[in-house]
Amino acid sequence: MSIRLWIDDREVLAEPGERILEVAQRQGISIPTLCHHPALPVLGACRVCLVEVQQGKRREITTACNTLVQEGMRVATDTAEVRGHRAMNLELLRARAPEAPAVRELATQLGVARSRFRPPAQNPLPNCILCELCVRACAHLGHHALAAVGRGDKKRIGLPHNRPAEACVGCGSCLSVCPTRCILLKETATTRTIWGQTFELVRCKSCGAPVMTEAQRAHAIRTKQLPEDHDDTCELCKQSAASQRLASVVW
Ligand code: SF4
Ligand code: SF4
(Lines give C-alpha, C1' and ligand atoms only; values in the text may rest on other atoms or scores of the structure.)
(Ligands and ions follow the chains in the order given, each with its own letter.)
Protein backbone atom coordinates (compact mmCIF):
# COMPACT_ATOMS: atom_id res chain seq x y z
CA MET A 1 0.00 0.00 0.00
CA SER A 2 1.29 3.45 -0.92
CA ILE A 3 2.47 5.94 1.67
CA ARG A 4 1.07 9.48 1.59
CA LEU A 5 3.33 12.32 2.68
CA TRP A 6 3.85 16.00 2.00
CA ILE A 7 7.03 17.53 0.62
CA ASP A 8 7.08 21.32 0.66
CA ASP A 9 3.28 21.21 1.15
CA ARG A 10 2.88 19.07 -1.96
CA GLU A 11 1.01 15.80 -1.39
CA VAL A 12 2.94 12.88 -2.83
CA LEU A 13 2.66 9.10 -2.86
CA ALA A 14 5.60 6.81 -2.20
CA GLU A 15 6.21 3.11 -1.77
CA PRO A 16 7.23 1.52 1.55
CA GLY A 17 11.01 1.35 1.78
CA GLU A 18 11.58 4.49 -0.29
CA ARG A 19 13.64 7.35 1.07
CA ILE A 20 12.83 11.04 1.08
CA LEU A 21 15.54 11.99 -1.43
CA GLU A 22 14.45 9.58 -4.15
CA VAL A 23 10.77 10.49 -3.71
CA ALA A 24 11.57 14.22 -3.87
CA GLN A 25 13.73 13.74 -6.97
CA ARG A 26 10.92 11.83 -8.67
CA GLN A 27 8.65 14.80 -7.99
CA GLY A 28 11.21 17.22 -9.45
CA ILE A 29 11.96 18.72 -6.03
CA SER A 30 15.63 19.53 -5.83
CA ILE A 31 17.62 18.50 -2.74
CA PRO A 32 21.40 18.98 -3.01
CA THR A 33 23.70 16.03 -2.38
CA LEU A 34 27.31 15.06 -3.02
CA CYS A 35 27.44 11.49 -1.74
CA HIS A 36 24.36 9.89 -3.29
CA HIS A 37 24.32 7.49 -6.25
CA PRO A 38 21.04 5.75 -7.14
CA ALA A 39 22.78 2.42 -7.84
CA LEU A 40 24.76 2.31 -4.57
CA PRO A 41 23.81 1.79 -0.91
CA VAL A 42 23.11 5.04 0.93
CA LEU A 43 25.50 6.39 3.52
CA GLY A 44 24.50 9.93 4.50
CA ALA A 45 28.12 11.05 4.56
CA CYS A 46 28.14 14.56 3.08
CA ARG A 47 25.10 15.76 5.05
CA VAL A 48 24.22 18.30 2.40
CA CYS A 49 20.79 16.78 1.78
CA LEU A 50 19.44 17.84 5.18
CA VAL A 51 15.70 18.50 5.34
CA GLU A 52 13.22 19.24 8.10
CA VAL A 53 10.93 16.33 8.93
CA GLN A 54 7.77 16.55 11.01
CA GLN A 55 6.25 13.27 12.10
CA GLY A 56 3.41 13.70 14.60
CA LYS A 57 4.81 15.90 17.37
CA ARG A 58 8.40 15.07 16.50
CA ARG A 59 10.36 17.52 14.39
CA GLU A 60 13.96 17.03 13.34
CA ILE A 61 16.58 18.04 10.81
CA THR A 62 17.78 14.89 9.11
CA THR A 63 19.40 13.55 5.95
CA ALA A 64 16.95 12.96 3.10
CA CYS A 65 19.07 10.26 1.43
CA ASN A 66 18.70 7.69 4.21
CA THR A 67 15.43 8.61 5.91
CA LEU A 68 12.57 6.29 5.04
CA VAL A 69 9.24 7.85 4.15
CA GLN A 70 6.38 7.35 6.59
CA GLU A 71 2.64 7.86 6.40
CA GLY A 72 1.67 11.44 7.20
CA MET A 73 5.25 12.71 7.20
CA ARG A 74 5.77 16.39 6.38
CA VAL A 75 9.07 17.34 4.79
CA ALA A 76 10.36 20.88 4.27
CA THR A 77 13.36 21.12 1.96
CA ASP A 78 14.05 24.84 1.96
CA THR A 79 13.60 26.49 5.35
CA ALA A 80 16.08 29.02 6.79
CA GLU A 81 17.18 26.41 9.36
CA VAL A 82 17.74 23.76 6.69
CA ARG A 83 19.72 26.20 4.56
CA GLY A 84 21.82 27.16 7.58
CA HIS A 85 22.73 23.54 8.40
CA ARG A 86 23.53 22.75 4.79
CA ALA A 87 25.72 25.85 4.54
CA MET A 88 27.67 24.82 7.65
CA ASN A 89 28.30 21.35 6.21
CA LEU A 90 29.33 22.88 2.87
CA GLU A 91 31.86 25.04 4.71
CA LEU A 92 33.37 21.91 6.25
CA LEU A 93 33.47 20.17 2.86
CA ARG A 94 34.92 23.26 1.22
CA ALA A 95 37.79 23.25 3.71
CA ARG A 96 38.52 19.62 2.81
CA ALA A 97 38.13 20.09 -0.93
CA PRO A 98 38.94 23.71 -1.83
CA GLU A 99 39.76 22.87 -5.45
CA ALA A 100 36.87 20.55 -6.26
CA PRO A 101 34.53 22.19 -8.81
CA ALA A 102 31.47 20.21 -7.63
CA VAL A 103 31.93 21.43 -4.06
CA ARG A 104 32.68 25.00 -5.14
CA GLU A 105 29.64 25.12 -7.43
CA LEU A 106 27.31 23.79 -4.75
CA ALA A 107 28.80 26.17 -2.20
CA THR A 108 28.15 29.08 -4.54
CA GLN A 109 24.58 27.91 -5.13
CA LEU A 110 23.99 27.74 -1.38
CA GLY A 111 25.61 31.12 -0.74
CA VAL A 112 28.75 29.78 0.95
CA ALA A 113 31.41 32.21 -0.26
CA ARG A 114 34.25 30.91 1.94
CA SER A 115 35.02 28.44 4.70
CA ARG A 116 35.88 29.36 8.28
CA PHE A 117 37.41 25.91 8.80
CA ARG A 118 40.97 24.81 8.23
CA PRO A 119 41.84 21.98 5.89
CA PRO A 120 43.03 18.78 7.60
CA ALA A 121 46.69 19.03 8.65
CA GLN A 122 47.59 15.81 6.87
CA ASN A 123 45.57 14.77 3.87
CA PRO A 124 47.09 12.04 1.71
CA LEU A 125 44.23 12.45 -0.78
CA PRO A 126 43.71 16.20 -1.29
CA ASN A 127 40.14 17.26 -2.09
CA CYS A 128 38.65 14.00 -0.81
CA ILE A 129 35.42 14.70 1.08
CA LEU A 130 35.20 11.18 2.58
CA CYS A 131 31.87 10.51 0.88
CA GLU A 132 32.87 6.85 0.35
CA LEU A 133 31.19 6.68 -3.05
CA CYS A 134 34.41 5.06 -4.30
CA VAL A 135 34.34 2.47 -1.50
CA ARG A 136 30.70 1.65 -2.19
CA ALA A 137 31.21 1.44 -5.98
CA CYS A 138 34.21 -0.86 -5.59
CA ALA A 139 32.31 -3.14 -3.19
CA HIS A 140 29.25 -3.11 -5.48
CA LEU A 141 31.45 -4.44 -8.29
CA GLY A 142 32.66 -7.23 -6.01
CA HIS A 143 36.26 -6.03 -5.58
CA HIS A 144 36.15 -4.67 -2.01
CA ALA A 145 39.56 -3.15 -2.51
CA LEU A 146 38.92 0.20 -0.80
CA ALA A 147 38.02 1.23 2.71
CA ALA A 148 37.86 4.26 4.95
CA VAL A 149 40.63 3.77 7.48
CA GLY A 150 41.52 5.73 10.60
CA ARG A 151 39.33 8.00 12.66
CA GLY A 152 38.62 11.67 13.10
CA ASP A 153 41.24 13.89 11.49
CA LYS A 154 43.22 10.81 10.43
CA LYS A 155 40.38 9.20 8.50
CA ARG A 156 41.32 8.56 4.88
CA ILE A 157 40.35 6.44 1.88
CA GLY A 158 42.71 3.90 0.39
CA LEU A 159 43.75 0.30 -0.10
CA PRO A 160 43.92 -1.01 3.47
CA HIS A 161 46.95 -3.02 4.51
CA ASN A 162 44.81 -5.96 5.61
CA ARG A 163 43.44 -6.53 2.10
CA PRO A 164 45.35 -8.21 -0.73
CA ALA A 165 46.78 -5.75 -3.25
CA GLU A 166 45.26 -7.79 -6.09
CA ALA A 167 41.74 -6.93 -4.82
CA CYS A 168 42.11 -3.79 -6.96
CA VAL A 169 41.86 -4.56 -10.67
CA GLY A 170 42.42 -1.00 -11.85
CA CYS A 171 38.94 -0.63 -13.36
CA GLY A 172 38.72 3.09 -12.51
CA SER A 173 35.07 2.85 -11.39
CA CYS A 174 36.00 4.55 -8.11
CA LEU A 175 37.18 7.60 -10.04
CA SER A 176 34.11 7.64 -12.27
CA VAL A 177 31.79 8.09 -9.25
CA CYS A 178 34.08 10.40 -7.25
CA PRO A 179 32.34 13.79 -6.97
CA THR A 180 35.62 15.68 -6.54
CA ARG A 181 37.67 13.69 -9.09
CA CYS A 182 40.47 13.54 -6.53
CA ILE A 183 41.62 9.96 -7.27
CA LEU A 184 44.81 9.97 -9.32
CA LEU A 185 44.72 7.90 -12.50
CA LYS A 186 47.47 7.96 -15.10
CA GLU A 187 47.44 6.15 -18.41
CA THR A 188 50.14 5.49 -20.93
CA ALA A 189 49.65 3.65 -24.23
CA THR A 190 49.97 0.33 -22.43
CA THR A 191 49.36 0.86 -18.72
CA ARG A 192 47.04 2.43 -16.16
CA THR A 193 48.22 3.48 -12.71
CA ILE A 194 45.70 4.00 -9.92
CA TRP A 195 45.99 3.78 -6.12
CA GLY A 196 49.74 3.37 -6.56
CA GLN A 197 49.45 0.19 -8.65
CA THR A 198 50.16 -0.18 -12.34
CA PHE A 199 48.06 -2.43 -14.59
CA GLU A 200 48.55 -3.62 -18.17
CA LEU A 201 45.81 -2.45 -20.53
CA VAL A 202 43.88 -4.69 -22.92
CA ARG A 203 43.64 -2.96 -26.29
CA CYS A 204 40.80 -3.41 -28.76
CA LYS A 205 41.74 -6.04 -31.35
CA SER A 206 40.05 -3.94 -34.07
CA CYS A 207 40.99 -0.31 -33.40
CA GLY A 208 43.64 -0.49 -30.67
CA ALA A 209 41.74 1.72 -28.17
CA PRO A 210 42.12 0.77 -24.47
CA VAL A 211 39.26 -1.50 -23.38
CA MET A 212 40.05 -2.37 -19.75
CA THR A 213 42.91 -3.66 -17.65
CA GLU A 214 44.20 -7.23 -17.92
CA ALA A 215 43.41 -7.70 -14.22
CA GLN A 216 39.84 -6.51 -14.74
CA ARG A 217 39.34 -8.88 -17.67
CA ALA A 218 40.90 -11.79 -15.77
CA HIS A 219 38.57 -11.07 -12.83
CA ALA A 220 35.50 -11.05 -15.12
CA ILE A 221 36.58 -14.30 -16.86
CA ARG A 222 37.23 -15.98 -13.50
CA THR A 223 34.10 -14.86 -11.65
CA LYS A 224 31.60 -15.04 -14.54
CA GLN A 225 33.11 -18.05 -16.31
CA LEU A 226 33.45 -16.13 -19.57
CA PRO A 227 35.48 -17.22 -22.62
CA GLU A 228 39.19 -16.35 -22.67
CA ASP A 229 38.73 -13.81 -25.48
CA HIS A 230 36.04 -11.95 -23.52
CA ASP A 231 36.15 -8.18 -24.00
CA ASP A 232 39.01 -7.88 -26.41
CA THR A 233 36.94 -5.41 -28.48
CA CYS A 234 35.90 -1.88 -27.49
CA GLU A 235 32.25 -0.82 -27.33
CA LEU A 236 32.48 1.33 -30.49
CA CYS A 237 33.87 -1.54 -32.56
CA LYS A 238 31.26 -3.93 -31.09
CA GLN A 239 28.48 -1.48 -32.07
CA SER A 240 29.93 -0.99 -35.51
CA ALA A 241 30.17 -4.78 -36.05
CA ALA A 242 26.57 -5.19 -34.83
CA SER A 243 25.37 -2.46 -37.25
CA GLN A 244 27.17 -4.16 -40.13
CA ARG A 245 25.58 -7.50 -39.23
CA LEU A 246 22.14 -5.85 -39.08
CA ALA A 247 22.68 -4.09 -42.43
CA SER A 248 23.65 -7.40 -44.09
CA VAL A 249 20.43 -9.04 -42.75
CA VAL A 250 18.22 -6.10 -43.85
CA TRP A 251 19.71 -5.93 -47.36
S1 SF4 B 1 40.17 0.79 -9.58
FE2 SF4 B 1 40.52 -0.63 -7.88
S3 SF4 B 1 39.80 0.49 -6.12
FE4 SF4 B 1 38.93 1.53 -7.89
S5 SF4 B 1 36.88 0.56 -8.18
FE6 SF4 B 1 38.34 -0.55 -9.47
S7 SF4 B 1 38.99 -2.26 -8.20
FE8 SF4 B 1 38.08 -0.77 -6.80
S1 SF4 C 1 38.02 9.58 -3.10
FE2 SF4 C 1 36.28 10.65 -4.02
S3 SF4 C 1 34.63 9.15 -3.95
FE4 SF4 C 1 36.22 8.44 -2.53
S5 SF4 C 1 35.61 9.27 -0.56
FE6 SF4 C 1 37.02 10.74 -1.47
S7 SF4 C 1 35.69 12.20 -2.53
FE8 SF4 C 1 34.45 10.41 -2.10
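The values are calculated or read from the model by the stated rules, or taken from the named source; none is laboratory data. All figures in this text were calculated on a predicted structure; none of them were measured in a lab. Reconstructed Cβ throughout: ideal geometry from the backbone, glycine too, with neighbour counts over all protein chains shown. SASA here: full protein model, heavy atoms, side chains in, ligands and nucleic acids out. Shrake-Rupley method; radii C 1.70, N 1.55, O 1.52, S 1.80 Å.
If the chain linking Ser206 and Ser243 were pulled fully straight, counting 0.36 nm for each residue of separation and taking away their Cα-Cα distance, it would gain 11.8 nm. Taking θ as phi - 60° and the Karplus parameters 6.51, -1.76 and 1.60, the scalar couplings of the range 44-52 work out to x, 8, 7, 6, 8, 8, 4, 9, 9 Hz in sequence order, x denoting glycine and proline. Sequence-ordered 3J(HN,Hα) estimates for the range 176-193 from the Karplus curve with 6.51, -1.76 and 1.60 and θ = phi - 60° stand at 5, 9, 5, x, 10, 6, 8, 7, 7, 9, 10, 10, 10, 4, 10, 9, 10, 10 Hz, glycine and proline given as x.
Amide H contacts of Gly158: Ala147, Val149, each under 5 Å away and 5 or more positions distant or on a separate chain (H built 1.01 Å from N in the peptide plane; Pro and chain starts excluded). Roughly speaking, what is the centre-to-centre gap between the range 195-247 and the range 85-148 when only Cα atoms are used, to the nearest Å? Value for the Cα centre distance between the two parts: 33 Å.
Once both labels are positioned 7 Å from their Cα atoms along Cα-to-Cβ, the gap between Ala167 and Lys57 label points is 4.8 nm. Proximity of backbone amide H atoms, modeled 1.01 Å from N, is registered between Thr233 and Lys205 at under 5 Å, excluding neighbours fewer than 5 places apart on the same chain.
In terms of the Cα gyration tensor, with a ≥ b ≥ c the square roots of its eigenvalues, is the range 73-142 rounded because a/c is under 1.5, prolate because a/b exceeds b/c, or oblate? It comes out oblate by the Cα gyration axes. In the range 108-242, inverting the average of 1/r over every pair of distinct C-alpha atoms gives 16.9 Å as the Kirkwood radius. A 1.4 Å probe over all protein chains sorts Leu130, Leu246 by accessible area into Leu246, Leu130, starting with the largest.
Rounded to the nearest 20, the Cβ-based charge dipole of the chain about its Cα centre (Lys and Arg +1, Asp and Glu -1) stands at 720 debye. As a calculated quantity, the FRET efficiency between Arg181 and Trp6 at R0 = 41 Å, using C-beta atoms, amounts to about 0.65. Ranking of Met1, Met88 by solvent-accessible surface, largest first: Met1, Met88 (1.4 Å probe, protein heavy atoms only, all chains present).
Of the whole protein surface, His219 contributes about 30 Å² of accessible area at a 1.4 Å probe radius. You can think of it this way: the chain between Thr190 and Arg118 has 21.9 nm of extra reach, that is 0.36 nm per residue less the Cα-Cα gap. Taking 20 °C and 1.002 mPa s as conditions, the range 185-251 diffuses translationally at an estimated 161 µm²/s according to Stokes-Einstein applied to its Kirkwood radius (Cα pairs).
Accessible area per residue was computed with a 1.4 Å probe on protein heavy atoms; Thr190 scores about 80 Å².
Rounded to whole numbers, the Karplus 3J(HN,Hα) couplings from phi for the range 212-218 are 6, 8, 4, 5, 5, 5, 4 Hz, using 6.51 cos²θ - 1.76 cosθ + 1.60 with θ = phi - 60°, and x at Gly and Pro.
One decimal place: the segment Thr108-Val149 gains 11.7 nm when fully extended, by the rule 0.36 nm per residue minus the C-alpha distance. Less than 5 angstrom separates the built amide H of Thr67 from those of Ile20, Leu21, all sequence-distant by 5 or more or on a different chain. The largest accessible area among Glu228, Glu22, Glu52 belongs to the first residue in Glu228, Glu22, Glu52, and the rest follow in falling order (1.4 Å probe, all chains). Once the Kirkwood radius over Cα pairs is known for the chain, the Stokes-Einstein relation at 20 °C and 1.002 mPa s delivers a diffusion coefficient of 102 µm²/s.
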